[in-house]
Amino acid sequence: MARSHSEYFGAESQQSLQQRAEDLWTLVKDDPRFVTHGRAVGLSDYSDDNLAIQIAIARLLGASSLEGLTPDQASTRKAALQDAGLATDEYEQWSGGPASLDAARDILRQRSLAPDLTLRHVDADTSPEDLQVLDRLTQSCEVLLPRGPILRGRELPSCFLFAQDRAGNIVGAAGAVAQFHKAHPKGGIFWWGMLATDDSRRGEGIALVLGAMAMLRMNEAFGYTDCFTGIRAGNAPSEALCAKLGLSPSDTLVLIAIDPAMLAGGRVTK
């Protein structure tokens, strides 16, 4: 059957990952154990008995995440994944709550996009051409867009924003999606991130402004007050930006299992 409704982004191996993930998500989307924000399919929580599931997903798709591990759990799971012949990648989880929403409001009272930029929301009417330009921006920043139906808000509550100049160039992006099943204990928490800025416009605070807008949109449109993001250890610019928005380290990790034979580059996104 043709996939006329689907849009995939990134390099060829990343597009294939998204296509396989879309098929798997069709089967597991009603099970709170599973999670997605439009790239791969992962597990909502660590448990001693879900190692085999994570390995299976990684071998089927090319990658599979596991959310909210303590450092000890991450060390144990990483060793087991590597014993199974898989590579691993990890991010430190930073979390925010109502104080982050207040910080976002404060930022937007003080800052705005430059006069030559227009704020755009990705939705059902966003042109495929604009999404291709957005894809080029995010790829240049080593950030992977979610697949189209999630990017456009058709499958999960979400907000994806970009800033476009008068020539049609997209120079900044941010996004958020409610990736957990509503019946899961984390169902009230949304994932936030996908921050990207064109090299020519760095230093203007575009990512900070768009990030604040995306955070507030998830609250205003859907009622969410709590969020999290993943930051690669040592990424000082991302840590500084998140701190400005009231996010802080949570002492938990996101651990990605990767089949390097299926996913070129050995990681899903920056």
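The values are calculated or read from the model by the stated rules, or taken from the named source; none is laboratory data. Since the structure is predicted, the reported quantities are computational estimates derived from the model, not experimental observations. We place every Cβ from the backbone using ideal geometry, glycine too, and count neighbours over all the protein chains shown. What goes into the accessible areas is simple: the full protein's heavy atoms, side chains included, and nothing from ligands, DNA or RNA. Shrake-Rupley method; radii C 1.70, N 1.55, O 1.52, S 1.80 Å.
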### Task
For region 53-192, evaluate the Debye formula with one uniform point scatterer on each Cα (no solvent term) and list log10 I(q)/I(0) at q = 0.10, 0.12, 0.14 Å⁻¹, rounded to two decimals.
-0.48, -0.68, -0.89
### Task
Might you tell me the accessible area per residue for the chain, computed with a 1.4 Å probe and given in Å²?
44 Å²
### Message
Just to check I understand the Karplus step: with θ = phi - 60° and J = 6.51 cos²θ - 1.76 cosθ + 1.60, what whole-Hz values come out for region 87-93, glycine and proline as x?
### Response
7, 9, 9, 8, 9, 7, 8
### Task
With a cut-off of at most 13 other beta carbons within 10 Å, and DSSP calling the residue loop, which trypsin sites (Lys or Arg not before Pro) in region 4-112 qualify? Please list them.
111
### Query
Hey, any idea what Rg/Rh is for the chain, computing Rh the Kirkwood way over Cα pairs?
0.95
### Query
Of all accessible surface on the chain at a 1.4 Å probe, what whole percent is carbon and sulfur?
50 percent
### Query
Using a cut-off of 19 Å between alpha-carbon atoms, which aspartates and glutamates can reach residue 78, once sequence neighbours fewer than 8 places away in the same chain are excluded?
45, 48, 49, 67, 89, 90, 92, 251, 259
### Task
Apply the Karplus parameterisation 6.51 cos²θ - 1.76 cosθ + 1.60, with θ equal to phi minus 60°, to every residue of region 108-118 and state each ³J(HN,Hα) to the nearest whole Hz, in sequence, with x for glycine and proline.
6, 6, 9, 9, 8, 5, 4, x, 7, 10, 10
### Query
So if we plug the beta-carbon distance of residue 56 and residue 139 into 1/(1 + (r/R0)^6) with R0 = 51 Å, what FRET efficiency do we get, rounded to 0.05?
0.95
### Task
Would you kindly calculate the mean projected area, averaged across all directions, of the convex hull enclosing the Cα atoms of region 148-262, in square nanometres?
9.4 nm²
### Message
Relative contact order of the chain, please, whole-number percent, based on alpha carbon pairs below 8 angstrom and at least 6 residues apart.
### Response
30 percent
#### Entry: Pairwise FRET efficiency - residue 19 versus residue 119, Cβ, R0 = 30 Å, nearest 0.05
0.50
### Task
Inverting the mean 1/r over all pairs of different Cα atoms, compute the Kirkwood radius of region 68-110 and quote it in Å.
13.2 Å
### Query
Add -39500 (n - 2.57) for each DSSP H run of 4 or more in the chain, then divide by its residues: what number comes out at 222 nm, to the nearest 500 deg cm²/dmol?
-11000 deg cm²/dmol
#### Entry: Sequence-distant residues sharing a close amide H with residue 90 (under 5 Å, placed H)
256
### Query
If contacts are Cα pairs under 8 angstrom and at least 6 residues apart, what is the relative contact order of region 64-200 in percent?
18 percent
### Query
When we measure straight from the Cα of residue 182, which lysines land under 26 angstrom away, once same-chain ones fewer than 8 places off are left out?
29
